[in-house]
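Undergrad: Structure incoming, see below.
The values are calculated or read from the model by the stated rules, or taken from the named source; none is laboratory data. If you're wondering where the values come from, they're calculated on a predicted model, not measured in any experiment. Cβ atoms come from the backbone with ideal geometry, glycine included; neighbour counts cover every protein chain shown. Only protein heavy atoms, including side chains, enter the accessible area calculation; ligands, DNA and RNA are left aside. Shrake-Rupley method; radii C 1.70, N 1.55, O 1.52, S 1.80 Å.
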Amino acid sequence: KIRVKKQKTHRGQNYVQDSNWTEFRNKKGIFEIETVGPGIYMVQISAEGYSSQWSAEIDTDNNTTVLIKMNKGGTVTGKIVDSEGAPVVDAMVIPLSAAGSTSMCSKGKFISTEGSVKTDNLGCFILSNLPEGNETLKVSHTDYAYKIISDIPIKIDHVTPLEPITMGHGAVIEGFV
């Protein structure tokens with residue numbers, strides 16, 4: 001899969017590049033994707049069994065080939081529990097590296113559930129093939145308020161175990177207009 005992040009507009013309208021992933025299939029790994037106008041972009045590639053990778057900046061005014069090297073990435077393991085310490089089954093654990101917006105105005109926001117996993121009957125999860133660097137996770141479940149865990153260090157070929165993550169119940173606001 002591929003998606004594009006716009007870094008800068010050279011000229012013309014400052015249109016926003018779509019943050020959605022696009023499937024492509026090519027045995028040689030060759031891709032082509034349209035941009036919303038001349039500027040500087042970065043391309044993110046994701047392939048099963050590999051961590052997603054960002055390219056270096058690409059200037060559309062320079063006709064150059066982009067090479068992106070893939071690796072297996074790292075892994076995060078953890079357990080989701082409620083305030084009593086009981087496992088939270090079927091909580092969704094979402095990595096920002098795959099599910100975050102590529103738009104400059106909504107940078108750091110989760111826009112999908114791409115790359116997510118659900119907790120098992122013990123509340124445990126394993127997120128594999130994460131890119132090297134600091135990862136942010138969003139944990140959500142219909143019975144609890146979501147939780148964001150930031151600055152999780154990811155290293156290639158390394159497993160990062162997390163302390164148990166405690167989910168709390170949310171609140172309801174009622175009113176009249």
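Undergrad: Tell me yes or no: at least one residue of segment 98-116 is out of contact with any Cys (no Cβ under 9 Å at 6 or more places or on another chain), acidic (Asp, Glu) and either assigned to a helix (DSSP H, G or I) or without any contact (Cβ under 8 Å) to a residue 24 or more places away in the chain (or both).
TA: Here is the first cut: in segment 98-116, the ones out of contact with any Cys (no Cβ under 9 Å at 6 or more places or on another chain) are 98-116.
Next, from what is left, pick out any that are acidic (Asp, Glu): 114.
With the extra rule that they be either assigned to a helix (DSSP H, G or I) or without any contact (Cβ under 8 Å) to a residue 24 or more places away in the chain (or both), the set shrinks to none.
No, every residue in segment 98-116 fails to be out of contact with any Cys (no Cβ under 9 Å at 6 or more places or on another chain), acidic (Asp, Glu) and either assigned to a helix (DSSP H, G or I) or without any contact (Cβ under 8 Å) to a residue 24 or more places away in the chain (or both).
Undergrad: State yes or no: is residue 70 within 19 Å of the chain's Cα centre (by Cα) and part of a strand (DSSP E or B)?
TA: Details: within 19 Å of the chain's Cα centre (by Cα): yes; part of a strand (DSSP E or B): no.
Criteria not met by residue 70.
Undergrad: Let me ask something else. Just checking, does segment 136-147 include any residue being loosely packed, with under 14 Cβ neighbours inside 10 Å and of a type in the set (Gly, Ala, Ser)?
TA: The answer is yes; a qualifying residue exists.
Undergrad: What is the residue count in segment 90-111 for residues that are open to solvent by 80 Å² or more (accessible area, probe 1.4 Å) and under 17 Å from residue 44 (Cα atoms)?
TA: The total comes to 4.
Undergrad: May I pose another question? Inside segment 24-67, can you point out the residues that are assigned to a loop (DSSP other than H, G, I, E, B), open to solvent by less than 90 Å² (accessible area, probe 1.4 Å), in contact (Cβ under 8 Å) with a residue 12 or more places away in the chain and not polar (S, T, N, Q)?
TA: 24, 31, 33, 36, 37, 38, 47, 49, 56, 61, 66, listed by residue number.
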